[in-house]
Amino acid sequence: HYEPIWDSLDARPLPAWFDEAKFGIFIHWGVFSVPSFGSEWFWWYWQKEKREPYVKFMEANYPPGFSYEDFGPLFTAEFFDPNQWADILKASGAKYVVLTSKHHEGFTLWGSKYSWNWNAVDVGPKRDLVAELATSVRNRTDLHFGLYHSLFEWFNPLFLEDATHVFKTRKFPTSKSLPELYEIVTKYQPEIIWSDGNGNAPDTYWNSTGFLAWLYNDSPVRDTVVTNDRWGVGSICTHGGFYTCSDRYNPGHLLPHKWENCMTIDKRSWGYRRDAQLDDYLTIEDLVKQLVETVSCGGNLLMNIGPTHDGRIAVVFEERLRQMGAWLKVNGEAIYGTKPWRAQNDTLTPEVWYTFNPTEGKVNAIFLNWPVSGTLELGEPQARLGETQVKLAGYKELLKWVALGEKGIIIALPQLTPKQLPCQWGWTLQLTDIN
């Protein structure tokens, strides 16, 4: 039984599936997908900060007096096919998915009782998008289904009123934010609650500990659910389940606590942008590198895509996801269910990262550059003559190697044409029987 205090909640062991999964897909979708300009923070940048590009965009393209709420009916999702989304997610090799059930704009992608006339069932698609995706993901894949939920809302009058009282009043969390959280957990039973947006208010204002105690003790997902660390000012990287610490967090070294690197394929935005250039998207080489670095340091990678207002996963995102899946088909053993090794990266050759399979006692050395010389020098492994075996993932024969003194090994890679390589963008050497 967990008490509604951080000491008790933080002592809950993280359900094992999350660490084993290693790779998930984040989906940022909402009314911000309609202007699909600049960023998913469109409303804030346009109305609150009055940033010039956003103001000019509105002046040039919409009639005077057009409000952000007027984008609601234009969020149409006519091409949204949840089965197709589920198939793309499955093909990516990801083991979980996190959908924005509600972003800081307050628009819920389900027919929330607490978001009157500002939800996807009453306005726009006239569909319960959360339910449709949850059903397809559960029917067609083995991915764990998760939901992102923003605690605060930029322009909600109740939140703004509480803020003027320095959060001594709690009208907004009691009438909107918390009821929504209980609603999505009861209704959709997500296995991840990805909280965000503290609105500069402490966790006591949000009653985060009360909600989490219920989630861990009494909710329908109490045994399998995982949560992140964004539950109010001061909780990030300190309290909750896994740590996110900041957006695009990639420390490059081992952390003592389970963490997640949430990042975007579009370097500049979480939501879809019609004005994105090809250069703004990370390449598949960039993405494989992020995955490998993250996993070797004990983290999970949560890679974000932003669908369009009409419900399409843009072809550039689909291609990246399918490429990742193709890479994981060959190298998945070095990723899923692994543990960090005693060394995270190699001391001799750059761009080599290690993971460990405890069940087989296998060390994986994932190298991102195929050496011109045809030999790969590794400074970390201690090989044993007549015992150590080296295999290239996706290639049948054992590889020849020589030890470099006490520590280190030189491996002769097979001479292969580009067409014969087991995969592109990174390769795994599986080393067995090394110290």
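The values are calculated or read from the model by the stated rules, or taken from the named source; none is laboratory data. Note that the structure is a prediction, hence the values are computed from the model and not measured. Every residue, glycine as well, gets a Cβ built from its backbone with ideal geometry; the counts of neighbours run over all protein chains shown. Side chains included, ligands, DNA and RNA excluded: accessible areas come from the protein's heavy atoms. Shrake-Rupley method; radii C 1.70, N 1.55, O 1.52, S 1.80 Å.
Here are the numbers:
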| read-out | value |
| --- | --- |
| Checking GLY65 against (1) on the phi < 0 side of the Ramachandran plot; (2) free of Cβ contacts under 8 Å to residues at least 12 places away in the same chain, the condition it does not meet | (1) |
| Top-ranked residue of the range 385-435 - restricted to ones that are among the charged types (D, E, K, R) and more than 21 Å from PRO350 (Cβ to Cβ), ranked as surrounded by the fewest Cβ atoms within 10 Å (Cβ to Cβ) | LYS419 |
| Close pairs from the range 304-318: first in the same structural domain as HIS28 (by the TED database) and without any contact (Cβ under 8 Å) to a residue 24 or more places away in the chain, partner open to solvent by 10 Å² or more (accessible area, probe 1.4 Å) and assigned to a loop (DSSP other than H, G, I, E, B), Cβ under 9 Å, at least 6 apart | none |
| Among the residues listed as TYR54, TYR96, the single one being more than 24 Å from the chain's Cα centre (by Cα) and of a type outside the set (Lys, Arg) | TYR54 |
| Residue, nearest to ARG127 (Cα to Cα), within the range 23-57, restricted to residues that are part of a loop (DSSP other than H, G, I, E, B) and charged (D, E, K, R) | GLU40 |
| Within the range 150-166, considering residues that are open to solvent by 40 Å² or more (accessible area, probe 1.4 Å) and outside any helix (DSSP H, G or I), the one nearest to GLY197 (Cα to Cα) | PHE155 |
| Candidate set from the range 341-387 (those that are in contact with a Leu (Cβ under 6 Å, 6 or more places away or on another chain) and assigned to a loop (DSSP other than H, G, I, E, B)); member that is farthest from LEU254 (Cα to Cα) | GLY374 |
| Near pairs, Cβ below 6 angstrom, 6+ apart or cross-chain, from the range 243-264 (open to solvent by 50 Å² or more (accessible area, probe 1.4 Å)) to any residue that is not in a loop (DSSP other than H, G, I, E, B) | ARG248/MET263; TYR249/ASN261; HIS257/TYR243 |
| Filter result for LEU133 (crowded, with 18+ Cβ neighbours inside 10 Å, in contact with a Gly (Cβ under 8 Å, 6 or more places away or on another chain) and not in a loop (DSSP other than H, G, I, E, B)) | no |
| Output for the range 73-90, where each listed residue is within 16 Å of the chain's Cα centre (by Cα) and open to solvent by 10 Å² or more (accessible area, probe 1.4 Å) | LYS90 |
| Test result for LEU147, closer than 18 Å to HIS104 by Cβ, within 19 Å of the chain's Cα centre (by Cα) and open to solvent by less than 30 Å² (accessible area, probe 1.4 Å) | yes |
| Conditions (1) of a type outside the set (D, E, K, R); (2) assigned to a loop (DSSP other than H, G, I, E, B); (3) at pLDDT 95 or above: number failed by PRO256 | (3) |
